[in-house]
Amino acid sequence: MMLAVRTVISLMLALARGLAGAQGVDPGDDRTVIFTPDDPDMALATAKARARLDEFLALSEAPPPGTDRFKLKVKVRDGNVTEHFWVIPFRRTETGFVGILANQPEGVHTVVLGQNIEFTRDDISDWGYRSGGRQVGSFTVCVMFEKMSKEEADYMRDKYGFDC
């Protein structure tokens, strides 16, 4: 079984692919990178994100000046396929969270881009936001950069403000 992980870039900056151009994001920057479920680097990145999730959620509820584009990465299962998507925007509910799926699914067919989805804390695999024009969090994205060509990863880092 492969773990399909949606890369971040255009989805971090737009609610849906159709809005990407209006927000200065190139929809062609969206990437999919495949990882095995036991990939140690991805497991470490997810563990880092989960360890600081409460801190992130508190910040997202009272964002300081100069911060925006708060997002959660959420796993969605469809049979034997698991795909991770960014959810932008999101909000807490009595039973968990709800938000808008910000990626075009590739392996999962139970959700669609722009759909409102409900999820629990256990479904969250990463988080991120922008502060002063730089990306904060998005730990899994840094792991994805290692699977891309140097040129592509450098382009994404420079264009979207990643420091990893």
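Among CYS142, CYS164, which comes first, second and so on when ranked by fewest other beta-carbon atoms within 10 Å?
Going from least to most buried by this count: CYS164, CYS142.
Let me spell out the model: positive unit charges on the Cβ of Lys and Arg, negative unit charges on the Cβ of Asp and Glu, origin at the Cα centre of region 64-164. What dipole size does that give, in debye rounded to 20?
In total the dipole reaches around 300 debye.
Going by average Cβ neighbours within 10 Å, how do the peptides 97-103, 110-116 rank, with the highest at the top?
Highest mean packing first, the order is 97-103, 110-116.
Count the net charge of all other residues whose Cβ sits under 13 Å from the Cβ of PHE90, scoring Lys and Arg as +1 and Asp and Glu as -1.
Its environment carries a net charge of +2.
Read-outs throughout are calculated quantities, based only on the coordinates presented, and are distinct from any laboratory measurement. Nothing here was measured: the structure is a model prediction, and the numbers come from that model. Cβ coordinates were reconstructed from backbone atoms using ideal geometry, including for glycine residues, and neighbour counts include every protein chain displayed.
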